[in-house]
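**Student:** Take a look at this one; I'll ask things after.
The numbers here are math on the coordinates, done by the rules we state, and not lab data. Small disclaimer: the values here were computed from a predicted structure and weren't measured. Positions of Cβ are backbone-derived with ideal geometry, glycine not excepted, and every protein chain shown enters the neighbour counts.
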Amino acid sequence: MNLQDLNDLKAKALGEAQNAVDAAAIEAVRIEYLSRKGLLPQVMQELKNVSKEEKPLFGKTVNELKNELTELIKQKQAEFAGGTASGGAGFDLTQPGQWQGLGTRHPITQITDRITGIFQTLGFTVADGPDVETVWNNFDALNTPADHPSRDEQDTFYLESGELMRCHTSPVQVRYMMEHKPPVRIISPGRCYRRDTPDATHSANFHQVEGLYVDENVSLADLKGTLSYFAKEMMGPDVKIRFRPHFFPFTEPSVEVDFTCHVCNGKGCRVCKNSGWIEILGAGMVDPNVFESVGYDAEKVSGFAFGMGIERITMILFGIHDIRNLYENDVRFLSQF
Ligand code: PHE
């Protein structure tokens, strides 16, 4: 054996150790080279046959091979002791596994999906609209008088472009009707903006779900039937609903709709302020002026619309007392739902 052969052997040994994939493989390398009958002791035997000139370097290289290989094998053994798929030393199969925590869906998302899901079973489809709206879509087309307080800069965020941040999801009604002929059955969840000072029940941005149903001969009874079905699906079979007369510029007649309090079942408690009822949504029959704005023939079609605040329902159903909790993204809070 000459120095060249020895260098080749060194490269081969270190390569095999480096490529070992588990404890068994590294043990095989150790036996092949370092055991008593292994290759290294044989090479030591060769030393006496090596020429005088090569001897010092040959000896040095053998030692390097021995030390480097021993060190590498040690490293690999430690690495595999930490655990391998096949279970090396130090891998305790009886230990419980480490659970990677999964995220949960945000309460607002959960309730939005439930609401839209219920209306989808009635044949409503989901429609979408942008958060930045034109004044026309948000107010004018919805029959909102020029002096209506909701148009005030104190209530609505106006942009320098002359557009605004929509203050309700009702402009989606306008957008949809402008692009589709009747019949219409849409449900439209989305974000809305108002210049409210944040407190436990107000937030400058919040979510609504809008509903719109337009066809021939749609009546207030259809609205009531639809919302009764929704209330039972959402709150359970015992819930009752009531309509109270109200005013919205875009519906006539307009109503506010209350559900019996889900905490006391209508008997009266702290949550419903002893009234037994909780206000859930605004609704009404689409005003003929709105149909005119979007080019529908108010003589031929009629329809109902409704809008509800998602935060409110979420807070009621989950017993959340402060709307701000929904926006702080504190995982300790969110993971409870
Ligand atoms: N847009 C109304 C609001 O924000 C709710 C509403 C929608 C009322 C549709 C009637 C019809 O309060």
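**Student:** Using amide H atoms built 1.01 Å from N in the peptide plane, name the residues 5+ places from VAL255, or on other chains, whose amide H lies under 5 Å from its own.
**Tutor:** HIS246, ALA283, GLY284
**Student:** Counting other Cβ atoms within 10 Å, keep those with at most 16, restrict to DSSP loop, and tell me which GluC sites (Glu not before Pro) in region 186-240 are left.
**Tutor:** Details: sites: GLU210, GLU216, GLU233; in loops: GLU216.
Loop-located and lightly packed - GLU216.
**Student:** Who wins for biggest fluctuation among GLU64, GLU299, GLU133 in a Gaussian network model of the chain, springs between alpha carbons below 10 Å?
**Tutor:** Maximum fluctuation in the GNM of the chain, among the listed residues, is at GLU64.
**Student:** Taking a cut-off of 26 Å between Cα atoms, list the lysines near LYS12, but don't count ones fewer than 8 places away on the same chain.
**Tutor:** LYS37, LYS48, LYS52, LYS55, LYS60, LYS66, LYS74, LYS76
**Student:** Which ordering of THR94, THR125 is given by a fewest-first count of other beta-carbon atoms within 10 Å? Could the numbers behind the result be given before it?
**Tutor:** Working: THR94 4, THR125 13.
Going from least to most buried by this count: THR94, THR125.
**Student:** If only Cα atoms are counted, what is the Rg of region 240-294, and what is its Dmax, in Å?
**Tutor:** 14.5, 45
**Student:** Also, quick follow-up: Hey, how many Å between the Cα centroid of region 273-325 and the Cα centroid of region 15-69?
**Tutor:** Spelled out, the Cα-based centre of one part sits 83 Å from the other.
**Student:** Whole Å is fine, so just give me how far the alpha carbon centre of region 125-154 lies from that of region 164-194.
**Tutor:** 10
**Student:** In addition: What is the angle, in °, between the Cα long axis of helix 23-34 and the longest principal axis of the Cα atoms in the chain? Nearest 10 is fine, range 0 to 90.
**Tutor:** 20
**Student:** Going by average Cβ neighbours within 10 Å, how do the peptides 251-262, 154-165 rank, with the highest at the top?
**Tutor:** Highest-to-lowest ranking by the protection proxy: 251-262, 154-165.
**Student:** Could you go through region 283-296 in sequence order and give the Karplus-derived ³J(HN,Hα) for each residue, using 6.51 cos²θ - 1.76 cosθ + 1.60 with θ = phi - 60°, rounded to whole Hz, and x for Gly and Pro?
**Tutor:** 7, x, 8, 4, 5, x, 4, 5, 4, 5, 4, 9, x, 8
**Student:** Give the value in nm², to one decimal: projected area of the alpha carbon convex hull of region 1-142, averaged over all directions. Write out the running numbers ahead of the final one.
**Tutor:** Values: hull surface 79.5 nm².
It is 19.9 nm².
**Student:** Let me ask something else about it. Would you mind giving the average projected area, over all directions, of the Cα convex hull of region 107-334 in nm² with one decimal? Please report the intermediate quantities before stating the final value.
**Tutor:** Details: hull surface 51.1 nm².
Averaged projected hull area, Cα only: 12.8 nm².
**Student:** I want to verify the translational diffusion coefficient of region 3-81 in µm²/s; compute it with Stokes-Einstein, Rh as the Kirkwood radius over Cα pairs, at 20 °C and 1.002 mPa s.
**Tutor:** So the translational diffusion coefficient is about 166 µm²/s.
**Student:** What Cys residues in the chain are without a partner cysteine, judged by a Cβ distance under 4.7 Å?
**Tutor:** If one checks each Cβ against the other cysteines of the chain, CYS167, CYS192 turn up with nothing under 4.7 Å.
**Student:** Which ³J(HN,Hα) values, rounded to whole Hz and listed in residue order, are derived for region 320-330 from phi using the Karplus coefficients 6.51, -1.76 and 1.60 in 6.51 cos²θ - 1.76 cosθ + 1.60 with θ = phi - 60°, glycine and proline given as x?
**Tutor:** 8, 9, 10, 4, 5, 4, 6, 10, 7, 6, 8
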